[in-house]
Amino acid sequence: MIRSAHAVLLALFAAVVTLPLAAQSSQFEADSTHYHVISEISQEHAQAVSDRMEAMLSLYNQQFRYPVDSLEAPLRVRVFATKSRFDSYLRRLVDETRDGYVYLHYADLAKSELVGYYTDDASLDQSIIHQSFIQFFRAFVDNPPLWLREGFAVYFEASQYDPEFGTAIYRENLAWLDTLKAMVAGDSPRPLIGLDEMLSIDLDGARSSIDSFYPQAWGMISFLLNADAPEINRIMWDSLSALQPDASLAENVDAVYREAFRWVDQGNLTDDFLAYVGERRSFRGWVSYGVDQYTAGELDEAESAFVKSLQLREDNYVPYYYLGLINYERQNYGLADFYYQAAMERGADEAITLYALGVNAYADNRFDEAADYLQMTVDEDPGYRERAEGLLIRIRG
């Protein structure tokens, strides 16, 4: 599940050099309040990237409250027209290539840049967000502890940009939750990393424990931000306050420990973390729990579970279909119809859903509508003929 862009995003301390691009392509530039974007695609694309970066920066800074207007230089973003040109550029700088965006960090902010290539593949969105967060963070803190840097980068990865309104919206990223839950339960070959080691982990340590590091770094951010206990939330704010812009990694690791973690019982904190992870549910976890509760006849608990699953994902048909079943049993036929339609729009099996719509309309005395749905069911899947005709006989009888 670890993306290759993540594995070596653990800082690219390249030498400060300026190298010409091979086979120069047309370049379009756009400037905004905090960004300078160079695109090989079009002027419109350069401006769109700039707008997106500004929106993401605003989202990040809701947590950090950094003085963004005091940046000594705009944050640079470069987008190549093709992966081959991107690869060529990276090879000249760091003698490596990547499958996604990369943040190249130098001592001089004006020379640092977020580099990527044009594609309509939405799977790169996480890479863009991950690396743009690191660019934002390191513009203010040169060497933050890795668990903070990478944990927050993953924490923001599921956020969405709305170009119509020019805003970025936070969406909780639970991609690592099931992995982390398995680690906590001892059901995974990935071992948990001890708290002391996580707080002080360096590049080599993160690379050697990469399969455990990412889920656990994300989990620590989620825990410190979302735990119900204010004293746990304060650890996060004390950690961020302790960071020094020009300090080394070791100095910032030490500062965070002294200001935020020295005062807490680390054994109790670890126990609270394990309990927090154990109680969290992913989309799949909420759906599975909801199905179990529906089967047991616990409609209120099932409904609550499916609603919570939709807060995490709105594109899956399963919660909608079960919410339709629940409202059918409650005789809320109009609402059941809405949920069945929503399920079908999101890819639910058409025959099953059409049959459910027919049964629902029949129960609501909408007989002509019920007959239409039942006939469509049989047309879609003749295996439903016997069940559908039983109701059709009653309707026509």
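Could you tell me how far the Cα centroid of segment 378-397 sits from the Cα centroid of segment 176-201, in Å? Value for the Cα centre distance between the two parts: 53 Å.
The orientation-averaged projection of the convex hull spanning the C-alpha atoms of the chain amounts to 24.0 square nanometres.
State the answer as a single residue: which of 179, 218, 146 lies farthest towards the positive end of the charge dipole of segment 143-260, with beta carbon charges of +1 for Lys and Arg and -1 for Asp and Glu, about the Cα centre. Value computed over the given set: 179.
Here's the picture: charge each Lys and Arg Cβ at +1 and each Asp and Glu Cβ at -1 in segment 328-397, and of 384, 331, 344 the one pushed furthest to the positive end of that dipole is 331.
Look at the dipole of the chain built from charges on Cβ: of 117, 357, 295, the Cα furthest out on the positive end belongs to 117.
Note: relative contact order over the chain, using C-alpha pairs below 8 Å and six or more positions apart, is 10 percent.
Give the range of the longest stretch in the chain that excludes all GluC sites (Glu not before Pro) found in loop regions by DSSP and having at most 10 other beta-carbon atoms within 10 Å. So the longest stretch without any such site is 165-397.
Across segment 358-372, the residues whose backbone nitrogen lies under 15 Å from the label position 7 Å along the beta-carbon direction of residue 299 are 360, 363-364. Taking every DSSP bridge with both residues inside the chain, close to 50 percent are antiparallel. When +1 charges are put on Lys and Arg Cβ atoms and -1 charges on Asp and Glu Cβ atoms, the dipole computed for the chain relative to its Cα centre reaches about 620 debye. Computed from the C-beta positions of residue 196 and residue 123, the FRET efficiency with R₀ = 25 Å rounds to 0.10.
Here r is the Cβ-Cβ distance between residue 106 and residue 259 and R0 is 30 Å; the resulting FRET efficiency, rounded to 0.05, is 0.60. Considering only the Cα atoms of segment 341-397, their convex hull presents on average a projected area of 3.5 nm². Over the chain, DSSP H runs of length four or greater, each weighted -39,500 (n - 2.57), average out per residue to a 222 nm ellipticity of -18000 deg cm²/dmol. Modelled spin labels at residue 368 and residue 62, positioned 7 Å past Cα toward Cβ, are 4.8 nm from each other.
FYI, it's all coordinate maths here, none of it is from the lab. Note that the structure is predicted; figures quoted are calculated from it, not measured. Here Cβ is always computed from backbone atoms with ideal geometry, including for glycine, and neighbour counts include all displayed protein chains.
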